[in-house]
Amino acid sequence: MPTLRDTIAQDLRTQITTGDLKPGDRLPSEPKLATHYKVSTPTVRQALALLQAEGLIEKTHGKGNFVRAPLRRITYTGGAGIPFAPDLQTTIRTTAVRARGHIRMLLNVPSNTPLTEFHCITYEGETPRSVACIYFPSDIAPTVQLASLSWPSSGEASRTETRETVTARFPTQEEATALRINPTRTVLTITRISLNSAGRVVEAALLALPSDATDAVFTSHPTLKEGKTAR
C-alpha cells in the first residue's frame, strides 16, 4: 500500500511528466505543499527527496525546489578511458602522488610507490557530466592524447585485460561537489583496473557519473571451448 510520501511524490511526478510543471518551474514551498496535501512538512521533504534522487527536481539553497530540464544521457563504454561524445569537453589535471590505501591495493604496489594521477572532468556546456581519477605507476605513465582522450598502448603499459566493477550509490562529498549535484542523487561508479600481458596492473581508475543520465555498455566476445566448432 502506497505511503503518504509515495502518493505525494507520484502526484508531483505526474505533473512533471505531463508538462503541468515545466523545466525551470519552482515548486510551492514545503509548508504550502504540506498544507495542500494535509501532511506534515517532514513527509513532504521525504517525497521531494524521492524526486531529487530520480533527477526530476533539484533543490537550490535559499531558493527552493525546481523542476529539472531533462539531461541528455551519455554512454560509458566498458574498457574505454572516460565517457566521450563529440560535444563534451574535458579538463585534465595531472598530479604526482604516492600509492596509499585503496589505490595502492588496486595497483598492487608497495606503499608510497610514485604514481601519476589524471583528474578528469567532462562537461556538457557548463554542466559536469563525469569525474574520473586515473592512476598509473609513474614509470609507465602515458602522455594523454587530449584529442582522442585515449592512452598509448605500447610497451609495458600495453593493456591486455581490463576488469570493471560497477556500483550505484550516493556520491561522496567530493563527487557531489565536482558534479555539482545534490548528495541525495545517486551516481554510477566504475572501478577499473587494467593489466598487461605479464599480469602487472598498469592502470587503476575511479569514475563517477550521475546515474539518472548515464548508460553503461559492456560488450563480451565469447570464445569457443576447445574441441567445439561453430555451426
Go over the candidates Gly24, Gly101, Gly62 one by one and state the one that is over 16 Å from Leu209 (Cβ atoms), modelled with pLDDT of 95 or more and exposed (fewer than 11 other Cβ atoms within 10 Å of the Cβ).
Gly101
Among the residues in the range 44-61, are any within 27 Å of the chain's Cα centre (by Cα), closer than 30 Å to Ile193 by Cα and not in a loop (DSSP other than H, G, I, E, B)?
yes
Condition test on Thr143, is it over 27 Å from Ser211 (Cα atoms) and at pLDDT 90 or above?
no
Of the conditions (1) assigned by TED's automatic domain parsing to the domain that holds Leu195; (2) of a type outside the set (A, V, I, L, M); (3) in contact with a helix residue (DSSP H, G or I) (Cβ under 9 Å, 6 or more places away or on another chain); (4) at pLDDT below 90, Gln89 fails just one. Which one is it?
(3)
Consider the range 190-207. How many of its residues are among the polar types (S, T, N, Q), in contact with a helix residue (DSSP H, G or I) (Cβ under 8 Å, 6 or more places away or on another chain) and either within 28 Å of Leu56 (Cβ to Cβ) or buried (at least 17 other Cβ atoms within 10 Å of the Cβ) (or both)?
1
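The values are calculated or read from the model by the stated rules, or taken from the named source; none is laboratory data. For clarity, every value in this text was computed on a predicted model and none was experimentally measured. Glycine also receives a Cβ, built like all others from the backbone with ideal geometry; neighbour counts cover every protein chain displayed.
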